[in-house]
Amino acid sequence: MPTQTQQGVTKVLSGANASFKDKGKPMELRLSNMVAAKAISDAVRTSLGPRGMDKMIQTSKGEVIVTNDGATILKSVQALHPAAKMLVDLSAAQDIEAGDGTTSVVVLAGALLGAAEKMLEKGIHPTIVAESFMNASIKAVGYLTEMSTPVDLNDKASLLRAASTSLNSKIVSQYSSTLAPIAVAAVSRLVTPTSSNVDLRDIRVVKKIGGTIEDTELVEGVVLNQNVVVAAGGPTRVEKAKIAIIQFQLSAPKPDMDNTVVINDYRLMDKVIKEGRQYILEICKKIKKANCNVLLIQKSILRDAVDDLSLNYLKRLNILVVKDVERDEIEFLSKSLGCKPISDIEAFTEDKLGYADLVEEASDMGMKVVRITGIKNRGRTVSILATGSNQLVVDECERSLHDALCVVRCLVKKKALIGGGGAPEIHVSRLLSEHAHSLKGMEAYCFQAYADALEVIPTTLAENAGLNPIAIVTELRNRHALGERNAGINVRKGLISNILEEEVVQPLLVTTSAVELATETVCLLLKIDDYVQAR
């Protein structure tokens, strides 16, 4: 019969009350998994919320990243323990699904693991804990959906509120009035009345150093990462542009293998040079014949995409040249400009060109930017020009924009908003505790533990803002018990207020997907009882 020893008192348990005592190794392994996963969750815990701290990351190449975006921090963490890696993947999954809430999901998973550990210490079987947690998460998502407010995509104000809330917890929060409208406008431009999702690959953020974050703008048309080639003095502004994207090279042909040709007669030398010129001239003439006056040339590995000779010819023909267009940009550009990429000079015809009113390279605030505006039959794509005074700022600006875009995209996927500031978590936690009283046996215990674990979000928000977490969370519970279901922590003023009036809102999808993903990961970790290293 199993005996349970507590402080030297031996009780003999029998039947259904015999507590679950695992064999030594699986229990140790579970604890080791939990410790490793909780360590990761504690690492990002301080960066949650608008008053969260930032992390400075040095990459292996020696670059420095300053950010408080959970997904970015965890991407750079070299987690060795397999359970810790699961939490890194968890934040990546949240980044793909919702795009925001990457820190909250990891913090939540850490709290749930702590709750599960207590349940295991009480001797409840891991499978029962996992099942109860899954049931609790289904209930939680139901409660969240019930307290959300539906939103109309034409109501720009509520979209703006959600985007600003997301930006408020970022380093660039003081520029949220600039970046939030850009994110909303960018996504609105891609949404059709029937669409249930937006492909963020159709929104391109071009980063340029120069100016400040306030100069970040949504460009009507396309912005290029590259600059115009002016080595031979070609044009930098073309009106009524006819644009071609070419994937072949404008330079003398070269064999694939290295070989040498010995010429011992200067007339032959002349002939070789002449034929090279003739070859390039033919190509340039064919390009001009199709009425093309702007060339975007794909980057080439084998030989120069353009050489001085061809640039000279193109200058005489008054054709604007942009070279080194990356291969992964080709699809975006051809979609935006409404033209087809041309892979061979023989296929160069006018029907493959794109038309625009103006292509010009303008330099303002020390950065040169190529803009293509007034595009005819333009695809559903958007370009955003992100600027900043140095690389760190521009990178952080891009990450924050990405999060804001994702928030607006979530509202396209699931058209509902929910409060922020710990209000939904406390609300759900209260309802789950009430529900736990109606259950019996082990499940009631597990539900109660799950409900308590949800309180980690408001607690952490209060901690990071330098408030007293115990006082704040108790007060918050009290307000919710009195029926104020939208009471949340107002971090700025350090008190409890109605969070919807403060305009702190987030998409429903962010919170529900965080709860679902965190619970799934915790249940996965609970069910592991051995760890085998493969050769």
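The values are calculated or read from the model by the stated rules, or taken from the named source; none is laboratory data. The structure displayed is predicted, hence computed values, not measured ones. Note: ideal-geometry Cβ built from the backbone for every residue, glycine included; neighbour counts use all protein chains shown. For the accessible areas, the whole protein counts, side chains as well, though only heavy atoms, and no ligand, DNA or RNA atoms are used. Shrake-Rupley method; radii C 1.70, N 1.55, O 1.52, S 1.80 Å.
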Reachable lysines, given that their alpha-carbon falls under 25 Å from the alpha-carbon of LYS440 and they are not under 8 places away in the same chain:
LYS11, LYS21, LYS118, LYS122, LYS139, LYS527
Putting +1 on Lys and Arg Cβ atoms and -1 on Asp and Glu Cβ atoms, find which of PHE133, VAL394, VAL369 reaches farthest to the positive end of the dipole of the chain.
VAL369
log10 I(q)/I(0) for the stretch 396-472, Debye formula on C-alpha points only (no solvent), q = 0.13, 0.17 Å⁻¹, two decimals, reads -0.61, -0.85
Entries of LYS274/LYS368; LYS299/LYS352; LYS75/LYS156; LYS156/LYS493 with Cα pairs more than 30 Å apart
LYS274/LYS368; LYS75/LYS156
For the chain, what does the convex hull of the Cα positions come to per residue, in cubic angstrom?
201 Å³
Over the stretch 24-63, the quotient of the Cα radius of gyration and 2.2 N^0.38 Å is 1.71
The stretch 219-388: equivalent-ellipsoid semi-axes (sqrt of 5 x gyration tensor eigenvalues, Cα, Å):
31, 16, 15
If I model a spin label at LYS440 and LEU302 as a point 7 Å from the Cα along the Cα→Cβ vector, what separation in nanometres do I get?
7.9 nm
With a ≥ b ≥ c from the Cα gyration tensor eigenvalues, square-rooted, and the rule rounded for a/c under 1.5, otherwise prolate when a/b > b/c and oblate otherwise, the stretch 162-314 is prolate
ALA92 to ALA290: extension gain in nm, 0.36 nm per residue of separation minus the Cα-Cα distance?
66.6 nm
For LYS254, the aspartates and glutamates lying under 20 Å Cα to Cα, once residues fewer than eight places off in the same chain are dropped, come out as ASP270, GLU275, GLU282, ASP304, ASP307, ASP308, ASP324, ASP344, GLU346
So, with a 1.4 angstrom probe, what is the percent of accessible area on the chain that is carbon and sulfur?
52 percent
Overall dimensions of the stretch 326-437 by Cα: Rg and Dmax, Å
22.8, 77
Report, in deg cm²/dmol and to the nearest 500, the calculated mean residue ellipticity at 222 nm for the chain, where each DSSP H run with n ≥ 4 adds -39500 (n - 2.57) and the sum is divided by the residue count.
-15500 deg cm²/dmol
Averaged per residue, what accessible area in Å² does the chain show with a 1.4 Å probe, protein chains only?
49 Å²
Would you mind calculating the gained length between THR349 and LEU29 on full extension (0.36 nm times residue separation, minus the Cα-Cα distance), in nm to one decimal?
108.6 nm
Between ARG380 and ALA157, the FRET efficiency computed from the C-beta separation at R0 = 35 Å comes out, to the nearest 0.05, as 0.90
So if R0 is 60 Å, what FRET efficiency would ILE273 and SER76 give, r being the distance between their Cβ atoms, rounded to the nearest 0.05?
0.70
